[in-house]
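Colleague: Sharing a structure here in structure tokens format.
None of the figures in this text is laboratory data; all of them are computed from the coordinates on show. Here the structure is a predicted model, which is why all the values come from computation and not from measurement. Counting neighbours? That spans all protein chains shown, and the Cβs are built from the backbone with ideal geometry, glycine included.
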Amino acid sequence: MSVMTETARLPRLLAGVRPEGAVTLEDHLAIHGPAPVPAKRRRRGDTELIDELQRAGLKGRGGAGFPTAVKMHAVLGARGRARAVVVNATEGEPASLKDRTLLRTVPHLALDGAVLAAHAVGAGEVLLCVSEASAETARSAQQAIAERGRLAGDVDIRLVAAPHTYVSGQETALVNFLNGGPALPTFTPPMTFEKGVGGRPTLFSNAETFAHLALIARHGADWFRSLGTPEDPGSALVTMTGPVAHPGVYEIEHGSSLASLIDAAGGLREDVRAVLVGGYAGAWIDGAELDSIALDEVSLAAYGATLGAGVVCLLGARGCGVAETVRVARWMSEESAGQCGPCVHGLDAVAGRLAELAGGAVGYEGAERIGRLASVIRGRGACRHPDGTMRFVTSAMSVFAPELADHARHGQCAACGARPTLPLPRLSQAPSAALQELSR
């Protein structure tokens, strides 16, 4: 595979983004050139691209960070000729906007990656899944698919609107929905790469991962690794929220400092009490560490955190971390699939006891009870939803320990009534008829 000797720089994924509207296919090809579809397409796939992805060290950008090449080799090696590719752009994480931003601004990059991946694993169908709550994303994706016409060759691209819940984007939940069931996680095995959509071996990843794949296919592994760290090469999209001048989606180099991201977002409007990294399955970090935080997995591990779904939420000094944690813990409990004890009973109990502690209904010894509950819940759920929620809660109990103690003694503080920093979804209307039609 040829490698372009292009100077390492950003943006990569967001190159050509316009203030309004999506990049057209014509402009996309002018920016990136045609996708290098193999001249001889093998029905059972081809390892050339997969091997290049292995050298590049591309990991999934949906939260788990699993090596993409390993997934593709597994699908390619699974029994059965018919295969499928699923692009997960449902983005149930309320604090993340990166995949929706990709499909609204540069949709052809993710579609290129999905089609290239389909050729590599021998799949004839790509299912692009968006949230039923995001009509704008669906319109942009549908227009891009129509623009491409026969460009995908023998790969069929279909748009699907999925339920707008936190767990619906989980791999087995989305596959279960695509197979006609509810969008709830299922117990494994079989794994999705063995038996996924329609019982076929299925490659499943998020929109950003496929967009990176499209660029690696064009420029090669060395180009990809010219940014980032040896352990976390390349760039990543992050959603920055909180007291900065320009919150939004930014493309960063892995290993770059949080301080540099804040500068790119126009700087702080107030002091920062804490930083939530990774989303609502992520971890809080004390604001005193602000100048020490680097945004890569190895560096974040020192704080018990991970970049996860690419979320960085700054909590200003005027906010209340206890109130924010109580709100999100209750919401995460309500978003449970309701299929196993750790979620049904455990998350509800944790959320309830957090609220009691925050309201001064119990003494600070209530924190010890929550800690004991967390140790029982971890690792026992049917999916990772309870584990992620416990990571969020226990990190909050550590970072906001002084505030928790104060709430336990005196009840709510003056900042509890401040406008919340952490977003939670609020569906203003039922899914549109067009989106409902996509799901049929």
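Colleague: So, with +1 on the Cβ of K and R and -1 on the Cβ of D and E, and no other charges, what is the size of the charge dipole of the range 235-316 about its Cα centre, to the nearest 20 debye?
Modeller: The dipole of the range 235-316 has a size of about 220 debye.
Colleague: Can you tell which of GLY282, VAL312, GLY411 lies farthest toward the positive end of the dipole of the chain, using +1 and -1 charges on the Cβ of basic and acidic side chains (Lys, Arg; Asp, Glu)?
Modeller: The Cα lying farthest towards the positive end belongs to GLY282.
Colleague: For the chain, what is the calculated [θ] at 222 nm in deg cm²/dmol (nearest 500), taking -39500 (n - 2.57) for each run of four or more DSSP H residues and dividing by its residue count?
Modeller: -11500 deg cm²/dmol
Colleague: For the pair ARG369 and ARG318, what calculated FRET efficiency results from E = 1/(1 + (r/R0)^6), where r is the Cβ-Cβ distance and R0 = 35 Å, to the nearest 0.05?
Modeller: Rounded to the nearest 0.05, the efficiency is 0.70.
Colleague: Relative to a virtual label point 7 Å from the Cα of ARG380 in the Cα→beta-carbon direction, which members of the range 312-344 show backbone nitrogen distances below 13 Å?
Modeller: Correct set: 340-344.
Colleague: Subtracting the Cα-Cα distance from 0.36 nm times the residue separation, let me have the gained length for GLU136 to VAL344 in nm, one decimal.
Modeller: Taking GLU136 through VAL344 to full extension adds about 71.5 nm, to one decimal.
Colleague: Rounded to whole Å and sorted largest first, list the principal axis extents of the Cα atoms in the chain.
Modeller: Sorted from largest, the Cα extents of the chain read 71, 45, 40 Å.
Colleague: Using alpha carbons only, how many angstrom separate the centre of the range 360-424 from the centre of the range 173-194?
Modeller: So the two Cα centres are separated by 31 Å.
Colleague: Another question, if that's okay. Starting from the amide H of LYS59, placed 1.01 Å from N in the peptide plane, find each other amide H under 5 Å away whose residue is 5 or more places distant or on another chain.
Modeller: Long-range HN contacts for LYS59: THR68.
Colleague: I've got another one for you. Over the alpha-carbon set of the range 14-93, work out the extent along each principal axis and list the three values in angstrom, largest first.
Modeller: Its Cα atoms span 45, 37, 26 Å along the three principal axes.
Colleague: Same structure again: May I ask which residue of VAL399, LEU268, VAL86 lies farthest towards the positive end of the charge dipole of the chain, with charges of +1 (Lys, Arg) and -1 (Asp, Glu) on Cβ and the Cα centre as origin?
Modeller: VAL86
Colleague: Also: What FRET efficiency would be calculated for the residue pair ARG81, THR188, taking the C-beta separation as r and a Förster radius of 22 Å, to the nearest 0.05?
Modeller: Rounded to the nearest 0.05, the efficiency is 0.45.
Colleague: Let me ask another. Report, for the chain, the % of DSSP beta bridges that are antiparallel, rounded to 5.
Modeller: 50 percent
Colleague: Okay, moving on. Classify the range 321-417: rounded, prolate or oblate, from the alpha-carbon gyration tensor (a ≥ b ≥ c, eigenvalue square roots; a/c under 1.5 rounded; otherwise prolate if a/b is larger than b/c)?
Modeller: prolate
Colleague: Ok, one more. According to the Cα gyration tensor, what semi-axes, each the square root of 5 times an eigenvalue, does the equivalent ellipsoid of the range 35-189 have, listed from largest to smallest in whole Å?
Modeller: Working through the eigenvalues yields semi-axes of 24, 19, 15 Å.
Colleague: Using the C-alpha atoms of the range 235-316, what convex hull volume per residue, in cubic angstrom, is computed?
Modeller: Dividing the Cα hull volume of the range 235-316 by its residues yields 72 Å³.
Colleague: Under a 10 Å cutoff between Cα atoms, tell me which one of GLY33, GLY360, GLY198 has the largest fluctuation in the Gaussian network model of the chain.
Modeller: Residue with maximal mean-square fluctuation among GLY33, GLY360, GLY198: GLY33.
Colleague: A further question on this structure: Which far-off residues, 5 or more places away or on another chain, put their amide H under 5 Å from the one on GLY228, with H placed in the peptide plane?
Modeller: GLY234, HIS254
Colleague: Now for a different question. Under 8 Å for C-alpha pairs, at least 6 residues apart: give me the relative contact order for the range 25-226, rounded to a whole percent.
Modeller: Once normalised by length, the contact order is 31 percent.
Colleague: I would also like to ask the following. Of the candidates ILE262, ILE50, ILE31, which one comes out as most mobile in a Gaussian network treatment of the chain with C-alpha springs shorter than 10 Å?
Modeller: Greatest mean-square fluctuation among the candidates belongs to ILE31.
Colleague: How big is the dipole moment of the range 225-272 about its Cα centre under a simple scheme where the beta carbon of each Lys and Arg is +1, that of each Asp and Glu is -1, and everything else is neutral? Debye, nearest 20, please.
Modeller: 100 debye
Colleague: From Cα pairs below 8 angstrom and at least 6 apart in sequence, can you work out the relative contact order of the chain, rounded to a whole percent?
Modeller: RCO, the chain: 17 percent.
Colleague: Separation of the range 241-294 and the range 66-99 by C-alpha centroid, Å?
Modeller: About 28 Å separates the Cα centre of the range 241-294 from the one of the range 66-99.
Colleague: Give, rounded to the nearest 20 debye, the magnitude of the charge dipole that the chain has about its Cα centre when Lys and Arg contribute +1 at Cβ and Asp and Glu contribute -1 at Cβ.
Modeller: 1240 debye
Colleague: Please work out how much length the chain gains when fully extended from CYS413 to LEU10, using 0.36 nm per residue of separation minus the C-alpha to C-alpha distance, in nm with one decimal.
Modeller: This chain segment gains 140.8 nm when fully extended.
Colleague: Pick out which of PRO107, PRO36, PRO19 has the largest mean-square fluctuation in a Gaussian network model of the chain, springs linking Cα atoms closer than 10 Å.
Modeller: Highest fluctuation among the options: PRO19.
Colleague: Calculate, in nm to one decimal, what ILE31 and GLU231 gain on full extension: separation in residues at 0.36 nm each, minus their alpha carbon distance.
Modeller: Once the chain is fully extended between ILE31 and GLU231, it gains 69.1 nm.
Colleague: Along the Cα-to-Cβ line of ALA259, 7 Å from the Cα, sits a label point; which residues in the range 288-327 have backbone N less than 14 Å from it?
Modeller: 288-295
Colleague: If you don't mind, another one. Sketch the reach of a paramagnetic label on ASP291 as a point 7 Å from Cα along Cα-to-Cβ, and name the residues of the range 241-273 whose backbone nitrogen lies under 16 Å away.
Modeller: 257-263, 268, 271-273
Colleague: Please give, to one decimal in nm, the separation of the simple spin-label points placed at ALA146 and ALA64, each 7 Å out from Cα toward the Cβ.
Modeller: Result: 3.5 nm between the two label points.
Colleague: Quote the relative contact order of the range 235-316 in percent (integer), defining contacts as alpha-carbon pairs under 8 Å separated by 6+ residues.
Modeller: 37 percent
Colleague: Next up: Enumerate the amide H contacts of VAL87 below 5 Å, restricted to partners 5 or more residues apart or on another chain; note that Pro and chain-start residues carry no placed amide H.
Modeller: Close amide H contacts, sequence-distant or interchain: LEU127, LEU128, CYS129.
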